[in-house]
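The values are calculated or read from the model by the stated rules, or taken from the named source; none is laboratory data. Note that the structure is predicted; figures quoted are calculated from it, not measured. With ideal geometry, Cβ positions are generated from the backbone for all residues, glycine too; neighbour counts draw on all protein chains shown.
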Amino acid sequence: MNLNDLNLLLNNLTVEEKIGQLIQLTGDFFDQEDEIIETGPMTKLGLDDNKYDVKNTGSVLNVVNGKDILNIQKNYLEQSKHKIPLLFMADIIYGYKTILPIPLAQTCSWNFNLVKDGASMMAKECFEAGIHVTFSPMVDIVRDPRWGRVLESPGEDTLLSKMYSKYMVEGIQGQDCNDEIGNNKIAACVKHFAAYGAPRAGLEYAEVELSQSTLWNDYFPGYKEAVDSGVKFVMTSFNLLNGIPCTGNIWLNKDILRGKFGFNGVLISDYAAIEELTKHGFTKDAFDSASIAFESTVDIDMKTSVYANNLLDVVKIDNKKLDLLNTAVLRILRVKNELGLFENPYRGVENEDRVTSILSSEHLDLSKNMAEESVVMLKNSRNILPLKKDLDVALIGPYIKEKATLGFWAITGENKDTITLEEGVKNLSDSMNWRVSYALGCPMVCESEIKNYGKYAEKIERVSVPEDKLREEAIEISSKSDVIILAVGESTYQSGEAGSRSNPCIPDHQIKLIKKLKKIGKPIVLIVYAGRPLIMSDIIDDVDAILYAWYPGTMGGQALANLISGNVNPSGKLSMTFPRNVGQIPIYYNTYKTGRPIDYENYNHRFYSKYLDEKVTPLFSFGYGLSYSNFIYKNFKVDNKSLKQEEKLKVSITIENRSEYIGKEIVQLYIDDMYSTIVRPRKELKAFKKVLLKPFEEVEVSFSITEEMLSFYDNEGELHFELGEFKIFVGSSSEDEMNQCIISID
Ligand code: GLC
């Protein structure tokens, strides 16, 4: 259809039919007899059937099976007067059936071409399942590991958030998708607008309080990058932002998103977020909520009765709102048109006996490759890794056999499809001549804690054997082995939405096992599964090597085995800081210098910005990660120290791989704007390159310093470029300051 046809269609709709396009309901409103729907889901949701007809509904939430989508669409269109197809939208965040590592892991790969390939694979599987829109990417910046949804975020850094945003949108939608989203592609929805990842104390759904310059410099860029990349949907977020709920925030949604960012796509509320405006204490009642959310240009009400029961009155009282309604409906019709739904409402599933690529070997390989590049090696003392051949290997811990390694937001993934760590190791045991034995060692979650997990409690495996017996078995097995592979961490149900933890650490019962095994005197390779940085200070000296696996997706077990054996060289680097203890949180790399920075030469001087009882440095820094290779940084140089504004200033450095392992190194460039009218952080990541080096190969890596890298936003959201001095760091992590120089811009 062209725009005229869409306008014609719009003009043929009654106000009730227009409002219907703004309502999103779940599948149970469509797959049953009318009377069941009326007495069931409609009543439960509080839908007034005098005001709202489900047959006018515009979109469906989280129906993810091709057959169901086909049937619902067919039944719906048979009864539809205007034959406007339903839009099927779902939470496919990092994989449909072939599940990738969680986004927080993916950004540790720093390989955004691979991120894009993964997004493209995900979109293709969604297309083949009949899904039209995915609520991904989530690009919320997160600096607090207590918050459970950090797992689905790109981490703490703005540049990585922007890269993740851009490459995910391009992978999901395709690059040139202005007026058409082609086959094997679907529409993306960037979320959560805005700054959902900065709740007070890491407490889920708690308020967010941020300065304007912090919003503009740190939190907004990821969303804006998605808009600049052509994202079709934006989702509001649950939180207050500086006292006003995002879902009813006219400044945020109308002035910033639509105005400054120029977004003209569809703004959808988060789940029931419009109804929650009253619970926030922002609106008096549902009519109020409908009115202000609509005024703030929220186009779709996800799964509440607020718009359905109240928008008719809202537009009757103020018929200027009719224009707003027409604009909103046209946005929705336009994206249905770009998906080709008017011509083919059954896109992707029209041919019931089609062959799909779901869980194909190609897709599984891609997931494995991403897992191999996402795992971060945090420790490798005595070069215990990679393990040699011809060893007795003890596999100990709750994550050796665990199949629930997909993470909280893999809602369509199936644990039965995952490769466990045990399976991955056993797949290599012949070629490596490893003699493998196993003991559980300890439960995933101790019995007393399981009750905290509500409906998820029954998903956490219970262990009847007493913990001391489990430990004895593990000690016996380990004593007879050459090396211990110990796989622990947090259960997938201790992370994710509403998964905030006040003390995100390796749990005591797992620490007890580690300490007991340490006493045996055998080398311990610790593998940690988690949806966030866990605090590991209590055990850091008890183990010889640490591989941080995150939730590594369908092929995680094989990827880890390939890394342990040296078939693959670890290359991941942290996209989020690891605290030493919970009291340091929030801790992240790009904090401010303060007026009393520590002078480490006089550390014991009292009046510095430091703690009395803990270091101010993290356990592991942003950008940190080890490799089997030994990368040497040398020949750092700047081609001229004073950048005239019209020139580009180049810095370069040589990286040598002084090892017999082929390896990838992530070379990072940070800039410290040494003085400015609004103080800038001690350093910020401004560029990076991931380079592949053969054994004993060396390569020169260079970066051009651009004006954009040296600019910042003020509290009015205006971009500034100021003359002055800038310290440039090029190194292997945010803490590596060996190679630095000062340039002046005059
Ligand atoms: C959830 C999440 C959001 C998700 C939506 C639909 O509560 O906040 O990320 O897309 O509801 O399931």
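Being surrounded by fewer than 13 Cβ atoms within 10 Å (Cβ to Cβ) and modelled with pLDDT of 95 or more holds for only one residue in Leu8, Leu70, and it is Leu8. Total residues in segment 613-631 satisfying the condition of being farther than 30 Å from Pro695 by Cα and either at pLDDT below 95 or not aliphatic (A, V, I, L, M) (or both): the figure is 5. The set of residues from segment 195-214 being touching a strand residue (DSSP E or B) at 6+ places or on another chain (Cβ under 8 Å), of a type in the set (A, V, I, L, M) and not in a loop (DSSP other than H, G, I, E, B) comprises just one member, Val208. With respect to the stated conditions, Leu710 fails to be surrounded by 14 or more Cβ atoms within 10 Å (Cβ to Cβ), in contact (Cβ under 8 Å) with a residue 24 or more places away in the chain and closer than 23 Å to Pro618 by Cα.
The residues in segment 608-638 that are in contact with a helix residue (DSSP H, G or I) (Cβ under 9 Å, 6 or more places away or on another chain), surrounded by 20 or more Cβ atoms within 10 Å (Cβ to Cβ) and more than 19 Å from Arg682 (Cα to Cα) can be counted, and the count is 2.
Every residue in segment 73-97 that is within 16 Å of the ligand (Cβ to nearest atom) and either within 14 Å of Tyr346 (Cβ to Cβ) or basic (Lys, Arg) (or both), please.
Initial filter on segment 73-97 (within 16 Å of the ligand (Cβ to nearest atom)): 87-96.
Leu87, Phe88 - these are the residues of segment 73-97 that are within 16 Å of the ligand (Cβ to nearest atom) and either within 14 Å of Tyr346 (Cβ to Cβ) or basic (Lys, Arg) (or both).
All conditions but one from (1) outside any loop (DSSP other than H, G, I, E, B); (2) under 27 Å from Arg200 (Cα atoms); (3) not basic (Lys, Arg) apply to Phe294; the one that does not is (2). Against the numbered list (1) of a type in the set (A, V, I, L, M); (2) within 30 Å of Val375 (Cβ to Cβ); (3) buried (at least 20 other Cβ atoms within 10 Å of the Cβ); (4) over 31 Å from the mean Cα position of the chain (by Cα), Val699 comes up short only at (3). Residue check: is Glu601 exposed (fewer than 14 other Cβ atoms within 10 Å of the Cβ) and of a type outside the set (S, T, N, Q)? Taking the combined requirement at face value, the residue satisfies it. Cβ-Cβ distances below 6 Å connect the following pairs, each with a first residue in segment 137-156 that is away from the ligand (no atom under 11 Å from the Cβ), a second residue that is assigned to a loop (DSSP other than H, G, I, E, B) and of a type in the set (Phe, Trp, Tyr), and a separation of six or more residues or different chains: Arg143/Tyr588; Glu156/Tyr588. Among the residues of segment 114-124, none qualifies, meaning not one is within 14 Å of the ligand (Cβ to nearest atom), more than 16 Å from the chain's Cα centre (by Cα) and buried (at least 24 other Cβ atoms within 10 Å of the Cβ).
So that you can scan it fast, the table gives a plain yes or no per residue for (1) in contact (Cβ under 8 Å) with a residue 12 or more places away in the chain; (2) away from the ligand (no atom under 16 Å from the Cβ); (3) more than 21 Å from the chain's Cα centre (by Cα):
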site: Phe220; (1), (2), (3): yes, yes, no
site: Ala226; (1), (2), (3): yes, no, no
site: Leu252; (1), (2), (3): yes, yes, yes
site: Ile256; (1), (2), (3): yes, yes, yes
site: Thr278; (1), (2), (3): no, yes, yes
site: Phe287; (1), (2), (3): yes, yes, yes
site: Ile300; (1), (2), (3): yes, no, yes
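Can you name every residue in segment 259-276 that is away from the ligand (no atom under 15 Å from the Cβ), over 21 Å from Thr158 (Cα atoms) and surrounded by fewer than 19 Cβ atoms within 10 Å (Cβ to Cβ)?
Looking only at segment 259-276, we keep the residues that are away from the ligand (no atom under 15 Å from the Cβ), and these are 259-265.
If we keep only those that are over 21 Å from Thr158 (Cα atoms) too, we end up with 259, 264-265.
Matches in segment 259-276: Gly259, Asn264.
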